[in-house]
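The values are calculated or read from the model by the stated rules, or taken from the named source; none is laboratory data. What you see is a predicted model; the values in this text were computed from it and never measured. With ideal geometry, Cβ positions are generated from the backbone for all residues, glycine too; neighbour counts draw on all protein chains shown. We work out accessible area using only protein heavy atoms, side chains counted, and drop any ligands, DNA or RNA first. Shrake-Rupley method; radii C 1.70, N 1.55, O 1.52, S 1.80 Å.
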Amino acid sequence: MAPRCSAYDVGGMGAVLSRRGLMAAGSSLLAIVPNGPADLEADILAAVIASRPPGAIFAVNPTADPQIDGLVSRPSLAEISLPDLREALASPVVFLGEHHNSKEDHRLQLRLLNEFAAAKPVGTGAMVLGLEQVERQFQPVLDEFSEGKIGLQELYRRTEWNTRWSWPFSGYAPVLELARNLGFEFLALNTNSEVQRRVPVEGLASLSTEERVALIPDASGFVQTTKLPGFKEYANQVIMPSYDSHLEGGWLGTTDRGLATPGGFLSARMIRDEAMCVPVAKRLAQRPGARALVLVGADHVKFKYGMPARMDRLLGDGPPRRRKPGTPSVVSILLNVQPQDTLSQDEKRLLMGLLYADAAAVENQGTLKLADFLVFSASKEKLGLDLAPAASPEGKQEAEEKGASTASDNAI
């Protein structure tokens, strides 16, 4: 294994980083990263000298709303400090919901990588970085990178990054290098592109027995998730509005609506969310004391039913579970979230809970919380947001009438 880089003080964090090593990696990537040398160099330098503490951090807390007679709990925000967030970062699984092309999101990830590593008691448990950005078939490449056998350029080439992920590698290069030098193991989470294109057209039946076992080992739990309170509203308001943009972009294997149906799109999305949780749950079950930090698009994190609820189910009742009574096993964090990410119709306000209601059973009314925490690069005063809760959409009819996706494509 290649020797780890010497410690380099990054903004007072004492991160394990080498300016020389990162700049060398950046130079080797200039010829292959499509968005150009200037962008990459800026991000590599950011990893060394400009990983700033978050500007604002909020906990999303449930609060009774008197306007609806206390029947439904609507979340509200409470500003907290970075030390307050650190206990949550010690949880077994922490999701960071990103915008794939946001430099500010990637710079926040650098800081949170360090905080996550610092939360690990000395000499206990492995740290795992789960990556939506890399397909499962390339796990051996990540293993070689983790072991120091290959560098960033080889990882970029052998994971077929430019065609299978396509979002700029320059944003991720510092994150990958820092994670390796902090001692993280890496996990490829994404389903293979071939499966992503096949399921929207041919449905669940297109999966072979081997694929079903690998992608959906808990078939019963997978089905039961669709029956949980609020899942219908989640599917209608969070997943389905992006069907048109996926279809028109050719991301479903075809642009023919008669082939890639809405039902096929929903099935493919649910399979992908489930499948990306499986490698993390398996690794943590195999490695007592291990913890995982998972980098995925914000759409897979927000409102619970993308990946967080699935991960909590797959962890089961055995280890790894709660670090101590009263603390969660799975924590969700959204980075630099904007009103359009939350389905809000108000460009200045965030929708912090997705309302669901069962007309036949009042006790089943409730709200799906946006996330556990929101982390921003800018300070509260500079966000330009009204942080009072926005009104929740009334139901799937409103989402359907909008017609277009209300989520940022680069958060998917």
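Things to note:
- Annotation note: of LEU204, LEU182, the sole residue that is aliphatic (A, V, I, L, M) and open to solvent by less than 40 Å² (accessible area, probe 1.4 Å) is LEU182.
- Unique residue being surrounded by fewer than 18 Cβ atoms within 10 Å (Cβ to Cβ) and at pLDDT 90 or above when the list is GLU132, GLU154: GLU154
- Selection from region 135-151 of residues that are in contact with a strand residue (DSSP E or B) (Cβ under 6 Å, 6 or more places away or on another chain), open to solvent by 10 Å² or more (accessible area, probe 1.4 Å) and not aromatic (Phe, Trp, Tyr): ARG136, GLN139, SER146
- Residue match in region 223-232 (condition: β-branched (Val, Ile, Thr), under 20 Å from GLY316 (Cα atoms) and assigned to a loop (DSSP other than H, G, I, E, B)): yes
- Qualifying residue in region 95-106 (condition: within 17 Å of the chain's Cα centre (by Cα) and more than 19 Å from ASP341 (Cα to Cα)): no
- Members of region 152-177 found to be in contact with a helix residue (DSSP H, G or I) (Cβ under 6 Å, 6 or more places away or on another chain) and in contact (Cβ under 8 Å) with a residue 40 or more places away in the chain, listed by number: LEU152, GLN153, TYR156, PHE169, SER170, GLY171, ALA173, PRO174, VAL175, GLU177
- Pairs with Cβ under 9 Å, 6+ apart, first in region 75-86 and touching a residue at least 40 places away in the same chain (Cβ under 8 Å) and closer than 11 Å to ASP372 by Cα, second assigned to a helix (DSSP H, G or I) and not aromatic (Phe, Trp, Tyr): LEU85/LEU112; LEU85/GLU115
- Check on LEU189, at pLDDT 90 or above and more than 18 Å from ILE150 (Cβ to Cβ): yes
- If the condition is being surrounded by fewer than 21 Cβ atoms within 10 Å (Cβ to Cβ) and assigned to a helix (DSSP H, G or I), then region 261-271 contributes PRO262, GLY263, LEU266, SER267.
- Among the residues of region 234-260, the ones that are open to solvent by 40 Å² or more (accessible area, probe 1.4 Å) and under 21 Å from the mean Cα position of the chain (by Cα) come to 2 in all.
- Cross-chain or 6+ apart pairs with Cβ under 7 Å, region 88-110 first and under 16 Å from ALA292 (Cα atoms) and among the aliphatic types (A, V, I, L, M), then part of a loop (DSSP other than H, G, I, E, B) and open to solvent by 10 Å² or more (accessible area, probe 1.4 Å): ALA88/ASP372; LEU89/ALA119; ALA90/ALA119; ALA90/ARG323
- Any chance LEU215 is open to solvent by less than 40 Å² (accessible area, probe 1.4 Å), free of Cβ contacts under 8 Å to residues at least 60 places away in the same chain and not charged (D, E, K, R): no
- Test result for PRO279, on the phi < 0 side of the Ramachandran plot and at pLDDT below 90: no
- Extreme residue, nearest to GLY353 (Cα to Cα), among residues of region 73-89 that are in contact with a helix residue (DSSP H, G or I) (Cβ under 8 Å, 6 or more places away or on another chain) and open to solvent by less than 20 Å² (accessible area, probe 1.4 Å): LEU85
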